[in-house]
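Quick notes on the structure that follows.
The values are calculated or read from the model by the stated rules, or taken from the named source; none is laboratory data. Values in this document were obtained by computation on a predicted structure and should not be read as measured data. As a convention, Cβ positions derive from the backbone with ideal geometry for all residues, glycine included, and neighbour counts pool all protein chains shown.
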Amino acid sequence: MADASTLSEFKQAAAESAVAQVMDGMIVGLGTGSTAAFALTALGKRVQRGLRVIGIPTSEATAEQARALGISLSTLSEHVELDLTIDGADEVELGTFNLIKGHGGALLREKIVASASARLLIIVDETKLVDRLGGRCAVPVEVVPFGWQATARKLAHLGANPSLRKRGGGEPFLTDGGHYILDCSFGAIRSAQDLEQQLDSLVGVVEHGLFIGMATQVIVGAKNGVETLRAVGRE
């Protein structure tokens, strides 16, 4: 497996390829996380060269970085339809392009912004491609803090091994919306669609990191260059 430096180069190449699709005047969803940060940097460089866009950030951290790069920002209340969103993913299932997202802690806002977008461009390095979701990566589940233990018990009944996400000091991680995240290890997920329905039905669950049928393109940085995978019927 490539080292961290090489993987960063792969991510940067994928990010630059995605940002090349941004056209003047677009409304663009800005993802959250280490990979999405490469896209923000690339977009900021284009803005400094005269590109005019409006960004809709998916987290306070992304908003802060975008402002520092000179990217104009707005909100979904002002722009309810976006031209495209550029974001990363923790796992991408080959064939379906179903995703696990949310290890950056912004899954709720990321899903809201993605669902308001005409296109969702996912940028990853080649290690994020999997045959089946869940084999390497837990599914983040955002939950209401009140009674979270009861919600965790229900998740365990679904076959998860839920773990409360914590900050470095040991206190619970809080999302921008004031919720907790339970990282749920299911192992290889036989049917992401079935699990999605089960998670959606649980009281106490605000949102989860299964993004089913949402990605229109997956842009992969790899040792042989950048490859763009397109989801049939979604563009």
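Consider the stretch 160-186. How many of its residues are more than 13 Å from residue 141 (Cα to Cα), in a loop (DSSP other than H, G, I, E, B) and either of a type in the set (Asp, Glu) or modelled with pLDDT of 95 or more (or both)?
4
Kindly establish whether residue 151 is crowded, with 18+ Cβ neighbours inside 10 Å, over 15 Å from residue 100 (Cβ atoms), touching a residue at least 12 places away in the same chain (Cβ under 8 Å) and not assigned by TED's automatic domain parsing to the domain that holds residue 120.
Against the criterion (crowded, with 18+ Cβ neighbours inside 10 Å, over 15 Å from residue 100 (Cβ atoms), touching a residue at least 12 places away in the same chain (Cβ under 8 Å) and not assigned by TED's automatic domain parsing to the domain that holds residue 120), residue 151 qualifies.
With the condition kept exactly as written, say whether any residue in the stretch 187-195 is surrounded by fewer than 20 Cβ atoms within 10 Å (Cβ to Cβ), under 18 Å from residue 131 (Cβ atoms) and among the charged types (D, E, K, R).
yes
Any residue at all in the stretch 15-30 that is among the hydroxyl-bearing types (Ser, Thr, Tyr), modelled with pLDDT of 95 or more and over 13 Å from residue 219 (Cβ atoms)?
No, the conditions are met nowhere in the stretch 15-30.
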